[in-house]
1. If Lys and Arg each add +1 and Asp and Glu each add -1, what is the summed charge of the other residues whose beta carbon sits under 13 Å from the beta carbon of ARG66?
2. Under a point-charge model restricted to the Cβ atoms of Lys and Arg (+1) and Asp and Glu (-1), what is the dipole moment magnitude of the chain relative to its Cα centre, in debye to the nearest 20?
3. Please work out the Cα center distance from the stretch 34-68 to the stretch 88-109, rounded to the nearest Å.
4. Where does the chain land at 222 nm, in deg cm²/dmol rounded to the nearest 500, when only DSSP H runs of n ≥ 4 count, each adding -39500 (n - 2.57), divided by all residues?
5. Say we join alpha carbon atoms closer than 10 Å with springs in a Gaussian network model of the chain; which of ARG146, ARG210, ARG87 then has the biggest fluctuation?
6. For each pair in LYS131/LYS181; LYS136/LYS158; LYS43/LYS136; LYS131/LYS225; LYS43/LYS84, compute the distance between the two Cα atoms and list the pairs where it is over 32 Å.
7. Using modelled backbone amide H atoms (1.01 Å from N, in-plane), which distant-in-sequence or interchain residues come within less than 5 Å of THR116's amide H?
8. Label-point separation (nm) for TYR42 and ARG21, each offset 7 Å from Cα along Cα-to-Cβ?
Amino acid sequence: MPGIKTFILKHLPLHHFKSYRSYSQDGEDMILKSFYETRKHYKGFYVDVGAHHPVRYSNTNFFYNRGWKGINIEPTPTAITPFKILRSRDINLNIGVASNPGNLTFYCFNEPALNTFSEEVALAVDKKDNKYKITKRVNIEVLPLRDILNTHLPVGVKIDFLTIDVEGLDFDVLKSNDWEKFSPEYLLVEGHIEFEEVFNYDIYLYLTERNYKLVAKTLRTLIFKHN
């Protein structure tokens, strides 16, 4: 029996049959995995703005399962309990991100992935599609990203990647950061845009000015790396 096992391991290495499960909507976590796969046993730190759910459509759950930890920011009132249960190592914040501190109206849909602070986006979705409808409006506390990171980012910890998906207000979140102080190695930003239009896109231009370069794109997400 030991001889058979040795033969199998030599000629049919088990790692050739190994596969990974993606939790992201379009496989963004597998792209990130490829950036870190040479760093054996590495356990980094992420920040997820518009985290939605600890597992569903999550760009961070794959990494959490491998020992990473981070900050999840999600304003949907009912979302915080699953995060506290399934992401006990993380810092889980039930607030929104905006240019200035205060309170904003948050539009909740029958599909929580569509929840947004953008009245324009919310009304457009509600009007366009009979399947997705606004179910309620709630008043939610919001803070600039720089304030949240100043308060909650552990001292001495660098952000490996920041992922932003806030249904229409992604640029506002970016502009609320302190880029001199907080510059993640990788940055994922929602962007429903054709590839040939990317290089005139306001988010692309803003980030290239801050020393980021575009390294990948999925159907809904632009992925940048800090130079």
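1. On the way: positive: ARG21, LYS33, ARG39, LYS40, LYS43, LYS69, ARG89; negative: ASP29, GLU37, ASP160.
Neighbour charge sum, excluding ARG66 itself: +4.
2. Computed charge dipole of the chain: roughly 1380 debye.
3. What the calculation gives is 20 Å, centre to centre.
4. Using -39500 (n - 2.57) per qualifying helix, the result is -7000 deg cm²/dmol.
5. ARG210
6. Beyond 32 Å between Cα atoms: LYS131/LYS181; LYS136/LYS158; LYS43/LYS136; LYS131/LYS225.
7. TYR107
8. About 2.5 nm separates the two model spin labels.
Taken together, the values in this text are just the output of simple stated rules run on the coordinates, not laboratory data. Model, not experiment: these values are computed from the prediction. Backbone-built Cβ (ideal geometry, glycine too); neighbour counts: all protein chains shown.
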